1. Express in whole angstrom the spacing between the alpha-carbon centres of segment 95-145 and segment 3-44.
2. What list of ³J(HN,Hα) couplings, whole Hz, do you get for segment 93-108 from phi and the Karplus terms 6.51, -1.76, 1.60, once you set θ to phi - 60° and write x for glycine and proline?
3. Determine ³J(HN,Hα), in whole Hz, for all residues of segment 17-30 in sequence, where each value follows from phi through the Karplus function 6.51 cos²θ - 1.76 cosθ + 1.60 and θ = phi - 60°; x replaces Gly and Pro.
4. Using the heavy atoms of the protein chains alone and a 1.4 angstrom probe, what is the accessible area of segment 97-141 per residue in square angstrom?
5. To one decimal place, what orientation-averaged projected area in nm² is obtained for the convex hull of the Cα set of the chain?
6. Of all the accessible heavy-atom surface of segment 74-146, with the other protein chains kept in place and a 1.4 Å probe, what percent is carbon and sulfur?
Amino acid sequence: MGTKNNSSLFYTCSLIEFISRKMKRKRRETVDFLGRECVERIYDYSDVLHCEPIDKVAAEYIEECKIVQGQFDNEAACQYQIPDYWTIGEVYERLIEDAYPDEKVLQGIWEVYHSWIDDEISDYNTDFYYQSREYIAECYKTGEIL
């Protein structure tokens, strides 16, 4: 644990975060709208996609996957400084890296975003999202906040 740096995973998670905020969706809902194939495509082509402005890439996927506006607004609910989407993308990236071997990264994306920890990371009024990667991974593996 601690040293991997999967830039494709980082970009994929950051884009999911960006789209979720823009469309006021829980992160698992955004992943559901995108679907496994589209998430895999984002992951596979992240080196090309990251050359474009993220809002342009997000707009294309929002349209292609017909992501409709939701009601989940964790930014408005935040009483403190809102972490940027790259920061939260990195939290998810590290968790997936620490909990899944390289060959299961795509499965890891799906499982992490559909697990209980998604709500914890998305609650910016707690200090959970900026805990150490080892702690967050251990919580995920245990199934609860330790």
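The values are calculated or read from the model by the stated rules, or taken from the named source; none is laboratory data. If you're wondering where the values come from, they're calculated on a predicted model, not measured in any experiment. Quick note on the areas: whole protein, heavy atoms, side chains included, nothing else; ligands and nucleic acids left out. Shrake-Rupley method; radii C 1.70, N 1.55, O 1.52, S 1.80 Å.
1. Answer, in whole Å: 14.
2. 4, 5, 4, 5, 4, 7, 9, 9, x, 3, 6, 10, 4, 5, 4, x
3. With coefficients 6.51, -1.76 and 1.60, one gets 5, 4, 4, 4, 5, 4, 9, 6, 10, 5, 4, 5, 5, 4 Hz.
4. Dividing the accessible area of segment 97-141 by its residue count gives 45 Å².
5. If I average the Cα hull's projected area over directions, I get 8.1 nm².
6. Accessible surface attributable to carbon and sulfur in segment 74-146 totals 46 percent.
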